[in-house]
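**Q** Questions regarding the structure given below will be posed in turn.
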Amino acid sequence: MAGQALPHRPQRPERAAVRPGPAVRRRQRARRVLGRRHPAGRRVRRARALRLQAGAAGDRGRGLGIGQGLHGQLPDPPRQGARLPGRPRGAGRARGGRAPRARHADVGGGGGLAGDPRRPAARRRRARRARGRDGEARPARARAPVRRPRLTVSRPVEPGGAESLRRRNAAAVVRALREGGPGSRADLAARTGLAKATVGTIVGGLEERGVVRDLEQVRSGERGRPGQLVTLEDGRPVGVGFEVNVAYVAAVVLDLGGVVRREVTRPVANDGDVLTALAATATELAADLDASGLRPLGATVALPGLVGGDDRTAVWVPNLDLAGRGLVDAVDAAFGWTGRARASNDADCSALAELHLGAGRGADHLLYLTGTVGIGAGMIESRRLLRGARGFAGEVGHLPIGEAGAACGCGRTGCWEASVGLHALLAAVGLPEAGTPHETAAEVARAAESSAEVRDGIASVGRWLGRGLAVVTGILDPGAVVLGGYFVPLGDLILEPAADELVRTLASGELGPPDLRLGRLGTASAACGAAERALEETFAGAVDLLA
């Protein structure tokens, strides 16, 4: 009845009949639930089973088709004596009418539609509160907000801090000048990745110490001030390299630009004079550098054998009695140092020299083969020296791939160097030794111009050289092979038979042999490489150029 108060809410005052707006009509519009219009206006999930709450009136719910089997969510027919649903309560009830209320399937105590509808629904179990020793419930504690630990990234602090960074930046500028040539400060900043202001500060400090100098100004564009070119100063900081071999002791002084400033070779009559000759050469060279104003940064001694892990002790030298003897101590004493000089394998030093200064420029994978009384190999992989686990990598001279029965200096027979070393060459051509290996090979080359027997002897050694190179190449796969030492003066006399035999015996003939070249540094390659190794710490930032 209009105007009569309902029992569950206060009476509203009568209002004039006003057509509601579209927003109100949308709110009052019945929703479609399960394919029909639900009078309660509630959204019922399809996944749950539905039951109707029992009510007092017996004729309620007929509009929904209860009893006629028209409702898809109700049993057909309803149980006898079951109470029909009453007016729904709670949120979502329809205004101004009575309608069944959808209930969860656990109304019957977990029995679903088959359960007793008069049984109250099961409630969720709550967690039991902890009780004290006296049985009383403890008061609930307020939960503190969860604080996640802040992640702290610790970066390793390099020794030296700013001092180490300054050394590395100065070394990067010097290395860029050596590899790329002169350049302006802007060019150096682009090459090194440093800020232009940092490069300017470093260049100023290097100029004061005579490491770099300015060249003429160049204009990079049409506008702006022309840039000042910077280049490495001739001399001043240098590296010193020594080579100790069977018949001689050699020394080379190399500046930061890769220019040879001093070169000394001293013949040695016998093995016992090697240490004496090394000490005398180092003393004379130290006095010469001091008088010339050149500052040695370090020194390395190259020897034909195996060097220990401390880079100072000779462990195994087959052709010289130098194992365990103080080679580098004599160099330290000559220059007034303590533990600065180092020792290295001669083939490794020669490979570095040819890579940076000689025939190996532009090669990423290089094999250098020495040509003295002994035969050794220096291996470059991705422009880095390959030394092996104990520094023994490259001792190819004692592989058993030589002529059977040929006596070797190591005490065995059949070694490769017994067939291709300098003594094997002299035995094949029937000529005596004349000075250093380079001088001896030059005499052999002159004799080959007028003697077929000498040419045949050189060709025989060349064929043994090619056979051994086929074995080594099949293992290492170098892009280029550089022949150094006494092979250089012989030229094509030994290069052509070696190349032909290499092609004939190489296993992977389809891929082609490596590029076979003659070294450009001769017998001085090991000493040059030793000086290069002495400068490695400088280019790595271990030596302070600004001190």
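**Q** Considering only the stretch 340-350, I want to know if a residue exists there that is aliphatic (A, V, I, L, M), part of a helix (DSSP H, G or I) and either out of contact with any Phe, Trp or Tyr (no Cβ under 8 Å at 6 or more places or on another chain) or surrounded by 15 or more Cβ atoms within 10 Å (Cβ to Cβ) (or both).
**A** Yes, the stretch 340-350 has at least one match.
**Q** State all residues of the stretch 370-411 that are in contact with a strand residue (DSSP E or B) (Cβ under 8 Å, 6 or more places away or on another chain) and on the phi > 0 side of the Ramachandran plot; if no residue qualifies, say none.
**A** Listed by number, the residues that qualify are Ser382, Gly391, Gly394, Gly405.
**Q** Which is modelled with pLDDT under 90 and over 23 Å from Glu449 (Cβ atoms), of Gly485, Gly529, Gly512?
**A** Of the residues listed, the single one that is modelled with pLDDT under 90 and over 23 Å from Glu449 (Cβ atoms) is Gly512.
**Q** Can you find a residue that is more than 25 Å from His365 (Cβ to Cβ) and within 40 Å of the chain's Cα centre (by Cα) anywhere in the stretch 421-436?
**A** Yes, there is a match, as at least one residue in the stretch 421-436 is more than 25 Å from His365 (Cβ to Cβ) and within 40 Å of the chain's Cα centre (by Cα).
**Q** Ok, one more. Does Ala441 qualify as being within 17 Å of Gly491 (Cα to Cα) and either in contact with an Asp or Glu (Cβ under 9 Å, 6 or more places away or on another chain) or assigned to a helix (DSSP H, G or I) (or both)?
**A** yes
**Q** Which of the residues that make up the stretch 328-339 are in a loop (DSSP other than H, G, I, E, B) and under 16 Å from Ala531 (Cβ atoms)?
**A** Passing the criteria: only Trp337.
**Q** Now, a different point. Which of (1) farther than 24 Å from Pro437 by Cα; (2) in a strand (DSSP E or B); (3) aliphatic (A, V, I, L, M) is the odd one out, the single condition Ala251 does not satisfy?
**A** It is condition (1) that Ala251 fails.
**Q** Identify, by number, the condition in (1) assigned by TED's automatic domain parsing to the domain that holds Tyr248; (2) at pLDDT below 90; (3) under 30 Å from Val211 (Cβ atoms) that Gly298 doesn't meet.
**A** (2)
**Q** Restricting to the stretch 323-332, name every residue that is buried (at least 22 other Cβ atoms within 10 Å of the Cβ) and more than 25 Å from Val238 (Cβ to Cβ).
**A** none
**Q** For the stretch 378-385, does any single residue satisfy the condition of being out of contact with any Cys (no Cβ under 9 Å at 6 or more places or on another chain), without any contact (Cβ under 8 Å) to a residue 24 or more places away in the chain and either in a helix (DSSP H, G or I) or among the aliphatic types (A, V, I, L, M) (or both)?
**A** There is no residue in the stretch 378-385 that is out of contact with any Cys (no Cβ under 9 Å at 6 or more places or on another chain), without any contact (Cβ under 8 Å) to a residue 24 or more places away in the chain and either in a helix (DSSP H, G or I) or among the aliphatic types (A, V, I, L, M) (or both).
**Q** Related question: With Val260, Val249, Val264 as the choices, which residue is surrounded by fewer than 19 Cβ atoms within 10 Å (Cβ to Cβ) and either touching a Ser or Thr at 6+ places or on another chain (Cβ under 8 Å) or without any contact (Cβ under 8 Å) to a residue 12 or more places away in the chain (or both)?
**A** Only one candidate passes the filter, namely Val264.
**Q** Can you tell me which condition Pro432 does not meet? The list is (1) without any contact (Cβ under 8 Å) to a residue 24 or more places away in the chain; (2) assigned to a helix (DSSP H, G or I), and all the others hold.
**A** (2)
**Q** May I ask you to list the residues in the stretch 358-372 that are in a loop (DSSP other than H, G, I, E, B) and of a type in the set (A, V, I, L, M)?
**A** Ala359, Ala363
**Q** Another question about this same structure. Residues being free of Cβ contacts under 8 Å to residues at least 40 places away in the same chain, surrounded by 13 or more Cβ atoms within 10 Å (Cβ to Cβ) and within 16 Å of Pro478 (Cβ to Cβ): count how many of those fall in the stretch 388-408.
**A** Count: 1.
**Q** Return the total of residues in the stretch 347-363 being modelled with pLDDT of 90 or more and of a type in the set (D, E, K, R).
**A** Final tally of qualifying residues: 2.
The values are calculated or read from the model by the stated rules, or taken from the named source; none is laboratory data. All values derive from a computational prediction rather than experimental measurement. For neighbour counting, all protein chains shown are included, and Cβ atoms are generated from backbone atoms with ideal geometry for every residue, glycine included.
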